[in-house]
Amino acid sequence: MSRQWVHTASVKGRFQRIHRWTGFFLQAFLFVTPWLVVAGRPAVQIDIPARRVFALGAVYTASDAIFLVLALLIALFSLFLVTALWGRLWCGYGCPQTLFLEEWVRPLEKWIEGERGVRMARARAPREWKNLWRRIAKLTAFAVLAVAVSMTAVSWFAGARPLWTGQSSAAAYVMVGVFSAGLFADFAWFREQFCNYLCPYARFQGALSDKGSLTVQYEVALGEPRGARGAAQAADAATAGACIDCKKCVAVCPQGIDIREGFQLECVACARCIDACEGVMAKQGHEGLISYKPLTPQPKLRPRTVAYGALLTGLVTALVFQVATHDAIDASIARAPGTLFVVDADGWIRNTYLLKVINTSLSPMEATVAVEGLPVDAELSVAPVRIAAAGTATVPVVLRMRAPEGPITRLTFTVDTDGGHARLPATFTAGGG
């Protein structure tokens, strides 16, 4: 089956102004954040090779996986709550797919190839140079946009300055290439098909919403029977036939649907049809026939929304608590590879360990190592532990003591710094009992 192109007309209105503002702030967050620096480190960076995350002056390592779990659950239940209350608000105003198509792709297309009618005529026209150069220019603009967005996305992982100055790893630039190819295909061809066929949110939104969720709806009772004389009839009755069947709501729809046929899964709640209808009806002396409204009026506080809200409140509270109590160090200790114990010439038993300390702050620190419950004459040898900002230090730790009563003695190493405290369980091995 051949590609059925959706040529959208331009539209202005109150909801499109909201789109502009939300688009501005979301793009500012996306493009500016990777360049921000806190104490010489990225304000936000997901460093996958080093298994750490920089977040506003703090560093989270693999042992802080609880933060990732809580953040994902908060995002998930936020989406559930928003959907239950306001329907597909995310699709219409927050989704990157909608954002880039509305703020960049379609404006570029209009600027290069003209408005909807002109674009449709050029699409049907023979492939002549006067039309071909515009298509080449449009695809070139889409390619530049795809690369810019891909570089920005990868900057969140590889760092903006190294990536944009050619100092990042080969893997980072391979990912830029992969993302650029995918985005270019989306901008140039796939577009609304992503929402219709690939996006999982469209598939399960029915389970997240109910009759009280906001959806874009056409006022059938006021609009029908539609026709060129409908507005004149409604001027007298003001009860029916207001739709003049201008099809402006269809022309501006980025999904290519007719909202007058009822709610459809493809609708992304972008409100372009609402603005278009309000603009046409204002000239007819009527209010718009399309609006956001629930299928049936219901209170905001209902079992579904209360449950989502309660879960979300609990998750946010847990995340705040975890952040507030997060230590600035992450430490671990293990026996040195290839060693168990050594009997020295004086008959004392020696165990050697490797202590690893990760500084999860953006300030250098020193650590003090001790062992709880050691005999008075036991000997603990450890080199000074100095850890650079957001760095890691691995030092050997040697523990000697007289032969204990049993083959294994349980110990607890303690690591103290200005930024935190760690207790590390370990064992001291002495051989036979």
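Each reported figure results from applying straightforward, stated rules to the coordinates on display, with no laboratory input. This structure is a prediction, so every number in the text was calculated from the model and none was measured. Note: ideal-geometry Cβ built from the backbone for every residue, glycine included; neighbour counts use all protein chains shown.
Separation of the range 372-433 and the range 102-162, taken as the distance between their Cα centroids, equals 62 angstrom. Less than 5 angstrom separates the built amide H of GLY420 from those of ALA328, all sequence-distant by 5 or more or on a different chain.
In this model, which of LYS130/LYS283; LYS12/LYS293; LYS248/LYS300 are farther than 30 Å apart at the alpha-carbon? From the list (LYS130/LYS283; LYS12/LYS293; LYS248/LYS300), the Cα-Cα distance tops 30 Å for LYS130/LYS283; LYS248/LYS300. Modelled this way, with points 7 Å down the Cα-to-C-beta line, the labels at ARG122 and ARG135 are 1.1 nm from one another.
Taking 0.890 mPa s as the viscosity and 25 °C as the temperature, the Stokes-Einstein diffusion coefficient of the range 214-294 based on its alpha-carbon Kirkwood radius rounds to 197 µm²/s. For the chain, the fraction of C-alpha pairs more than 42 angstrom apart is 39%. With the simple model of a label 7 Å out from the Cα in the direction of the Cβ, GLU379 to GLU266 spans 8.1 nm. Projected label points at VAL306 and ARG423, each 7 Å from Cα along the beta carbon direction, are separated by 4.1 nanometres.
Subtracting the Cα-Cα distance of THR392 and PHE31 from their residue separation scaled by 0.36 nm leaves 127.0 nm.
Within 10 Å of each residue's Cβ, count the other Cβ atoms and sort ARG116, ARG88 from fewest upward. Intermediate results must be reported in sequence, preceding the final value.
Working: ARG116 17, ARG88 26.
Exposure proxy ranking, most exposed first: ARG116, ARG88.
Put simply, the Cα atoms of the range 329-429 extend 44, 26, 18 Å along their principal axes, the longest span coming first.
By the rule of a second cysteine Cβ within less than 4.7 angstrom, the chain holds isolated cysteines at CYS91, CYS95, CYS195, CYS199, CYS243, CYS246, CYS253, CYS267, CYS270, CYS277. Computed from backbone phi, the HN-Hα couplings of the range 329-342 come to 10, 9, 10, 8, 9, 8, 5, 4, x, x, 10, 10, 7, 10 Hz, rounded to whole numbers (Karplus: 6.51 cos²θ - 1.76 cosθ + 1.60, θ = phi - 60°; Gly and Pro given as x).
With R₀ set to 60 Å, the beta-carbon distance separating ALA370 from ARG17 gives a calculated FRET efficiency near 0.45. Residue-wise HN-Hα couplings along the range 104-119, as the Karplus relation 6.51 cos²θ - 1.76 cosθ + 1.60 with θ = phi - 60° gives them from phi, are 10, 5, 5, x, 4, 4, 5, 5, 8, 10, x, 6, 3, x, 5, 5 Hz; Gly and Pro carry x.
Pairs of Cα atoms in the range 239-364 fall into 10 Å distance bins, from 0 up to the last occupied one, in shares of 9, 18, 14, 13, 12, 11, 9, 7, 5, 2, 0 percent. Once the Cα atoms are used to define both axes, helix 65-86 deviates from the longest principal axis of the chain by about 20 degrees. Highest GNM mean-square fluctuation among PHE80, PHE25, PHE263, for the chain modelled with Cα contacts below 10 Å: PHE25. Phi-derived couplings, Karplus 6.51 cos²θ - 1.76 cosθ + 1.60 at θ = phi - 60°, listed residue by residue for the range 123-137: 5, 8, 6, x, 6, 10, 4, 5, 9, 5, 5, 5, 5, 4, 5 Hz, with x used for Gly and Pro. Every helix of 4 or more DSSP H residues in the chain counts as -39500 (n - 2.57), and over all residues that averages to -12500 deg cm²/dmol at 222 nm. Could you work out how far the C-alpha centroid of the range 259-295 sits from that of the range 1-62, in angstrom? Each part's Cα centre sits 29 Å from the other's.
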